[in-house]
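Engineer: Encoded as structure tokens, here's the structure I'll be asking about.
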Amino acid sequence: MSGSSPELPIVVLDALMPTTQRLVADRRGSMVWEVESHRGRYAVKVGRPIEATADWPAQPWTALAPAREGAVMYRLGYENFAYGEWEHGTWNFQPWHEGPDLYRLWEPCRGSDSSLQPHRSVALGCAEALAGLHAKGWAHGDVQPAHFIIGPEQTHLIDLALARGRQLPEGYDFPFRGCLVHYEAPEISRSVLATGEAEPTQEADVYALGASLLISATGWRAMEYPDDAPRSVQREAVANGRRRPVRAPGELGELIDAMLSQAPEDRPTIYEVGKALS
Ligand SMILES: Nc1ncnc2c1ncn2[C@@H]1O[C@H](COP(=O)(O)OP(=O)(O)O)[C@@H](O)[C@H]1O
Ligand SMILES: [Mg+2]
């Protein structure tokens, strides 16, 4: 397979019969296509295991992630999706959401000469998307700017592969080992450093939304550590609360500071965040 361009699994081709397809993301262990078919437009996610390298241990769970996300969507009562297995792992398809993500949308706000302010209604849309999940008793676990798609009518929160709320099929489940450190709450970093695992929580989601709004509005990460530091060093900095002195403009800055509180119980709930933004 190596060297050849990636192809959709045959089961997915059979189910969707694409008229056009475009590979939008090809990361180790995970590929995403935008697919057009007579059934509509879909995002197709295909997972495979990550083999061990000199720098990385093997990560077999990436093969399970699309099916785990499918099982979460099923539990949440989503419509118009499917998931299953292929030769090397699992896949899912789900409706394609049109629009820029939060980081791209706020690009004009970043940079020192910019007079553009991040719009509160955009932050509200993100908070509402996350509140929808929390209201059903779930935590997302992997909140980050790329996972908010700002559509013309609604903001969608994608990538539910790490979400936690109800029991999932054992064969597709795997432990939570933290998320992108930039958006990881201190208590999650501490737990991952101590045990290799953690528990996604709604409080940690609120922290991650605060960190997402901050980086998208200012270009700065919430915590102080070198970009090229090993992940464990980054997690130490987060665990120790080495907060950078950066702030988003205006009231948004104050709200984000509260969302980034060290102690989970000091953070506002997602409903309080929504109220503050509306
Ligand atoms: N339903 C969707 N609608 C639009 N774009 C999507 C959708 N799902 C995924 N994408 C695109 O693919 C990228 C990777 O998808 P994601 O669900 O985060 O998977 P992973 O993190 O496993 O690669 C997203 O950042 C987004 O650009
Ligand atoms: Mg993702």
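Engineer: For the chain, what's the relative contact order in percent, using C-alpha pairs closer than 8 Å and at least 6 residues apart?
Structural biologist: Working: 504 pairs, mean separation 40.8, N = 278.
Once normalised by length, the contact order is 15 percent.
Engineer: Continuing with the same structure: As a check on your grasp of the helix formula, calculate [θ] at 222 nm for the chain: sum -39500 (n - 2.57) over DSSP H runs of n ≥ 4, divide by the residue count, round to the nearest 500.
Structural biologist: Rounded to the nearest 500, it is -10000 deg cm²/dmol.
Engineer: Still on this structure, I have one more. From the backbone phi of segment 263-269, what are the Karplus-calculated ³J(HN,Hα) couplings (6.51 cos²θ - 1.76 cosθ + 1.60, θ = phi - 60°) in whole Hz, Gly and Pro given as x?
Structural biologist: Along segment 263-269, the couplings run 8, x, 6, 7, 7, x, 6 Hz.
Engineer: Taking 7 Å along the Cα-to-C-beta vector as the label spot, tell me the Val24-Glu197 distance in nanometres, rounded to one decimal.
Structural biologist: 3.2 nm
Engineer: What is the fewest-to-most order of Leu209, Leu162 by other Cβ atoms lying within 10 Å of their Cβ?
Structural biologist: Leu162, Leu209
Engineer: Any chance you could check the Cα centroid distance between segment 17-90 and segment 210-263 for me, in angstrom?
Structural biologist: Using only Cα atoms, the two centres lie 30 Å from each other.
Engineer: If you wrap a convex hull around the Cα atoms of segment 10-95, how much volume per residue is inside, in Å³?
Structural biologist: Here the figure is 87 Å³ per residue.
Engineer: Quick one, can you get me the convex hull of the C-alpha atoms of segment 186-233 expressed as volume per residue in Å³?
Structural biologist: In segment 186-233, the Cα convex hull volume per residue is 75 Å³.
Engineer: Right, another one. Can you sort Leu8, Leu214, Leu76 so the residue with the fewest Cβ neighbours within 10 Å comes first?
Structural biologist: In order of increasing Cβ crowding within 10 Å: Leu76, Leu8, Leu214.
Engineer: Okay, next question. If we count other beta carbons within 10 Å of each Cβ, what is the order of Glu184, Glu87, fewest first? Provide the component values of the computation, followed by the final result.
Structural biologist: On the way: Glu184 29, Glu87 9.
Starting with the residue having the fewest Cβ neighbours, the order is Glu87, Glu184.
Engineer: Could you compute the FRET efficiency for Arg75 and Ser112, with r as their C-beta to C-beta distance and R0 at 35 Å, rounded to 0.05?
Structural biologist: 0.20
Engineer: Taking only the C-alpha atoms, wrap a convex hull around the chain and report its volume per residue in Å³ as a whole number. Please list the in-between numbers first.
Structural biologist: Numbers: hull volume 41.3 nm³, N = 278.
Once divided by residue count, the hull of the chain is 149 Å³.
Engineer: Just add up the charged neighbours of Gly241: K/R +1, D/E -1, any other residue whose Cβ is under 14 Å from the Cβ of Gly241.
Structural biologist: +1
Engineer: Whole-Hz ³J(HN,Hα) for each residue in segment 5-19, computed from phi via Karplus 6.51 cos²θ - 1.76 cosθ + 1.60 with θ = phi - 60°, x for glycine and proline: what do you get?
Structural biologist: Residue by residue, segment 5-19 yields 6, x, 10, 5, x, 4, 4, 6, 4, 5, 6, 9, 6, x, 8 Hz.
Readers should treat all values here as calculations from the given coordinates under stated rules, not as data from a laboratory. Please read these numbers as outputs of a predicted model, since none were measured by experiment. So basically every Cβ, Gly included, is an ideal-geometry build from the backbone, and we count neighbours across all protein chains shown.
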